[in-house]
Each structure stands twice: as structure tokens, then as C-alpha cells.
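Below is one structure; the comments refer to it alone.
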Amino acid sequence: MRYRALLILLFGALALCGCNEGVLDPQGPIAAAELELLMNSVAIMLVVVVPVIIATLGFAWWYRASNPRAVRSLDLAYEGRIEFVTWSIPALIVILLGGVSWISSHQLDPRAPLAGTAPPLRVDVVALDWKWLFIYPDEGIATVNQLVVPAATPVQFRLTSATVMNSFFVPQLGSQIYTMSGMETHLHLLADNPGEYPGISANFSGDGFADMRFTVKAVPPGDFTAWVKQVSGTAVALDATAYAALAKPSEGVPPTAYSAVKPKLFERILNQSAARIDNAAAGAAWCPPAF
């Protein structure tokens, strides 16, 4: 049984080392900074955890029944030095961990712009049932469940939800952030190198939640320009009728591209959601979630 447990731990460690599509494989500056924060936090906490584990094993071995030298007094006594060490080390760890987290949280503010060699790309994100709509306001195109961005270029996101609250997360690029109906959130990300990075919905939102996934395709800047021209000339238009059909609940929607997106579509979705919330609040004291 002992060797079996060691084998399980060994294979588990090897499996973690092979992870190449999660937070342990950062592909952008935000994800890299978040991984550093995670590792620093784990190292700080291990300062307490490791000595406690060693002390537990040491006391168990020393005070075993077969050790005649292990003598323990039954008289209760207060030892101030032991109490000081017992409480001061965890307190210092909490203070240090809180300071590191506070500083990193401000440095990783989702609204803070990222520096880059190229002008930032603006992308508007709308969470629908059960798919992701990405609008490129400057290019006049849109995609569903696929986000194409130029590598090494900052991306400025505005995010909202046309339905229930959801969560936008690309583990290899970092910064999970919520999308809420009638509200606008902001996020800045950057992909260091070309590649495909999976994105997920990190907040349960109903029946189609499991299939609410998308792919971030980071391509060279020249390929991105060519892709925009291709979508603008060949994709169907995202007019009011097309959006109404898209907004209906659907599951497992394949990647789709749209051209001729109506200007300020994101603002209209945001205002429409806010108006719906206001009407629901005025008409009833409580409105059940529309799953």
C-alpha cells in the first residue's frame, strides 16, 4: 500500500507537469504575473505547512508506544515563549501574504492598459445563451465562439452580458472577469506568441454552460489584417434580424463570422439589458433567473 501511494503521487506530479493549456502554461504578461503570484503565495504558505508536517511526523515518531525515552509530564503549564512562536509566525505569514496579494492585485488591475509595440485592438464581448459574441468595432466585423487577435498586440476588452451573469476566462492569457447584464466591465490582455488558446465560461449559466467555450487564435499582424479583409468581404451581415436569431438560446454553436456589424451594437445591447433590468425591478420585487 505504501508503494502504491507513492506511485499515485508520482504519476499525479507527472500529470501536472504535462499541463499545457492552463494557468501553469502562461502565454502572456498577465498570465505570467498571475502564475508568479500563485507560486509566491504557495511558497509563503509552505513556510508554515512544511514545518508543521515535519513536527507532526517527528512528535508521532518520538512519542510512539515503543520508545521508553519519551517522557511526558501530565502537569499543565503555561510557556510564554512557545505561545509567542506559535502565534507570531502565522501572523507574520498572514501579513506577508496579504501584502503580496494587495500589491499584485493593484498591479494586475483589469482596467490598466498594457504596453505594446502596436496600437491596441478593441474588442467588445457579449455573453449570450450559450455562446460568446466578439465584436470588432473598429473593423466592423464580429465572430461567435472564436476570437482572432494579432500576437504581441494589446487587446482592450469591454464586456457585458445580454442574459444572466457569466464569466470570461482564457487561462493561458489570464484574468478571469465577470460579465453582467446591464453593466460594462473592462479587461486588457496580450498574447506573446502566435497560437491557439482555449477560453471558457467560468460561471454556471444554465443548460448549455458545458459547451460555452471559445478559442483565442493569436496570429501574426499581417495574417490578422488578411483575416479581417476576408471576413469583411465574405461573411454574412450581423443586422438586427441576424442578432435576434443569434440571441436565442442555443448550444454547441460552431465558430461563425459576421460582417457589416451595425455601429454601436455593444452600446445598444448594454442599454437594452439595463432597460430590461429596470422594467423587471419596477414590475416585481423579485425576478427569478431566466435559465
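No value in this document is a laboratory result; all are computed from the given coordinates. Since we're looking at a predicted model, the values are computed, not measured. Here the Cβ is made from the backbone with ideal geometry for all residues, glycine too, and neighbour counts use every protein chain on show.
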Legend entry - Prolate/oblate/rounded label for the range 233-279 (Cα gyration tensor, a/c 1.5): oblate
Inset, instruction - Please find the FRET efficiency linking Thr215 to Val49, where r is the Cβ-Cβ separation and R0 is fixed at 30 Å, and quote it to the nearest 0.05. - result: 0.20
Inset, instruction - For the range 121-278, evaluate the Debye formula with one uniform point scatterer on each Cα (no solvent term) and list log10 I(q)/I(0) at q = 0.11, 0.14, 0.18 Å⁻¹, rounded to two decimals. - result: -0.38, -0.64, -1.10
Inset, instruction - Please label the shape of the range 185-242 as rounded, prolate or oblate, based on the square roots a ≥ b ≥ c of the eigenvalues of the alpha-carbon gyration tensor (a/c under 1.5 means rounded; beyond that, a/b larger than b/c means prolate, else oblate). - result: oblate
Inset, instruction - Report, to the nearest 10°, how far helix 80-107 tilts away from the longest principal axis of the Cα atoms in the chain, using its own Cα long axis and a range of 0 to 90°. - result: 10 degrees
Legend entry - For the range 156-162, 3J(HN,Hα) per residue [Karplus equation, 6.51 cos²θ - 1.76 cosθ + 1.60, θ = phi - 60°, Hz, x = Gly/Pro]: 9, 9, 10, 10, 7, 10, 8
Inset, instruction - Return, ordered by residue number, the residues of the range 139-162 whose backbone nitrogen is under 19 Å from a label point located 7 Å along Cα→Cβ of Ala275. - result: 160-162
Inset, instruction - Please work out the Cα convex hull volume for the chain and give it in Å³ per residue. - result: 218 Å³
Inset, instruction - Output the peptides 210-216, 39-45 sorted from most to least packed, where packing is the average of other Cβ atoms within 10 Å over each peptide's residues. - result: 210-216, 39-45
Inset, instruction - Kindly state, to the nearest 0.05, the FRET efficiency for Phe84 paired with Leu35, given R0 = 35 Å and r defined as their beta-carbon distance. - result: 0.50
Inset, instruction - Out of all DSSP beta bridges with both ends in the range 121-278, state the antiparallel percent to the nearest 5. - result: 65 percent
